[in-house]
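Below is one structure; the comments refer to it alone.
The values are calculated or read from the model by the stated rules, or taken from the named source; none is laboratory data. All of these numbers come straight from a predicted model, not from anything done at the bench. Neighbour counts are summed over all protein chains in view; Cβ atoms, including those assigned to glycine, are modelled from backbone coordinates with ideal geometry.
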Amino acid sequence: MSETIEAITTYLAPRRLDEALQAMADGEATVLCGGTDLAPQTESGARQYKARLLNINRVEGLGGIAADGGEIRIGATTTVAEIRRSAALAKIAPVLVEAAEHFASEQIRNAASLGGNLCNASPAGDMSPPLLVLGAAVELACWRDGAAHTRRVPLEQFFVGPGKTVKLAQELLTAVVFARPAPGFVARFRKSGPRPALEISTVSVALGARVADGRLGDVRVAMGSVAPTPLRARHVEAALEGRPLDAATVAAAVAAAAEDAKPIDDVRASAWYRSHLVKVFVEEVLDDVRGN
């Protein structure tokens, strides 16, 4: 622990985004927000602090939930607890609130940030599947040629491997954005872990779709902990799109889950158990939407 701390020679806590981005411009800064992933990873030696530690908690404009227009915007430093308590999200995107309810403990929810959860890029990250079914994108900002530049990346393109994303070392994830769900949109989330509290997901499944005349449209299904990254379950989506939500369609979607989920054995569960559980969750979320 002391060796990792000794690597830090500069601590910065800027209040403006441009200051934060300039401090990151050479790619030699470690970003600190909630620290719920960073602290255990550096203590275990899985990560090393860079010479510059950049605390972004005071940066104006990086927090909060804006839900007034057609686009919903959640700042990167917004905590999971704030998402859980948000009356606006409970009305607009309750699947996010549902996921936040199942996120670790109250203490960790109070510290963990949405941006940090996504940048940690764990296949088991709780906030990724519901955001994937909402069609979310992330905003990445950097300082270049004397000015701040921002790009948007669809969340399904953001993750490239366990702990790896397309975000460059000089970029800061500043917000998560998604379009306000259309009328008739429904979403569900299921998660299972090895213990009743502080659980790391063994499998998670999220469903988002527009329901009209007993059929599903614009279907998105996402899975966690069944591949190197959180993923869109394209085979399940194809089995559901435009189909009547009856028992035959549910059975086809459950069967298709085996084409999307490619889990591994690890200390938390076997690949067999994960393959079984993902089918159970697909069936459960669809039965829930059917009203069973």
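Put simply, of Arg151, Arg144, Arg109 the only residue that is modelled with pLDDT of 95 or more, closer than 29 Å to Phe185 by Cα, surrounded by fewer than 22 Cβ atoms within 10 Å (Cβ to Cβ) and of a type in the set (Lys, Arg) is Arg151.
Of all residues in region 41-61, those being more than 10 Å from Arg15 (Cα to Cα) and touching a strand residue (DSSP E or B) at 6+ places or on another chain (Cβ under 9 Å) number 9.
Is it the case, given these coordinates, that Leu131 is on the phi < 0 side of the Ramachandran plot, surrounded by fewer than 21 Cβ atoms within 10 Å (Cβ to Cβ) and among the aliphatic types (A, V, I, L, M)? Criteria not met by Leu131. Screening Ala39 on (1) aliphatic (A, V, I, L, M); (2) under 28 Å from Arg232 (Cβ atoms); (3) out of contact with any Leu (no Cβ under 7 Å at 6 or more places or on another chain) shows it passes everything except condition (2). Only one entry in Glu82, Glu43, Glu98, Glu106 is over 19 Å from the mean Cα position of the chain (by Cα) and either of a type in the set (S, T, N, Q) or over 20 Å from Lys167 (Cα atoms) (or both), namely Glu43.
Here's the yes/no breakdown for (1) surrounded by fewer than 21 Cβ atoms within 10 Å (Cβ to Cβ); (2) out of contact with any Asp or Glu (no Cβ under 6 Å at 6 or more places or on another chain):
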{"site": "Arg210", "(1), (2)": "yes, no"}
{"site": "Gly214", "(1), (2)": "yes, yes"}
{"site": "Ala222", "(1), (2)": "no, yes"}
{"site": "Ala233", "(1), (2)": "no, no"}
{"site": "Ala238", "(1), (2)": "yes, yes"}
{"site": "Asp246", "(1), (2)": "yes, yes"}
{"site": "Ala255", "(1), (2)": "yes, yes"}
{"site": "Ala258", "(1), (2)": "yes, yes"}
{"site": "Val282", "(1), (2)": "no, yes"}
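Every test in (1) touching a residue at least 40 places away in the same chain (Cβ under 8 Å); (2) assigned to a helix (DSSP H, G or I) is passed by Lys91 save one, and that test is (1). Hey, any hits in region 242-263 for a residue that's among the acidic types (Asp, Glu) and over 20 Å from the mean Cα position of the chain (by Cα)? For region 242-263, residues among the acidic types (Asp, Glu) and over 20 Å from the mean Cα position of the chain (by Cα): present.
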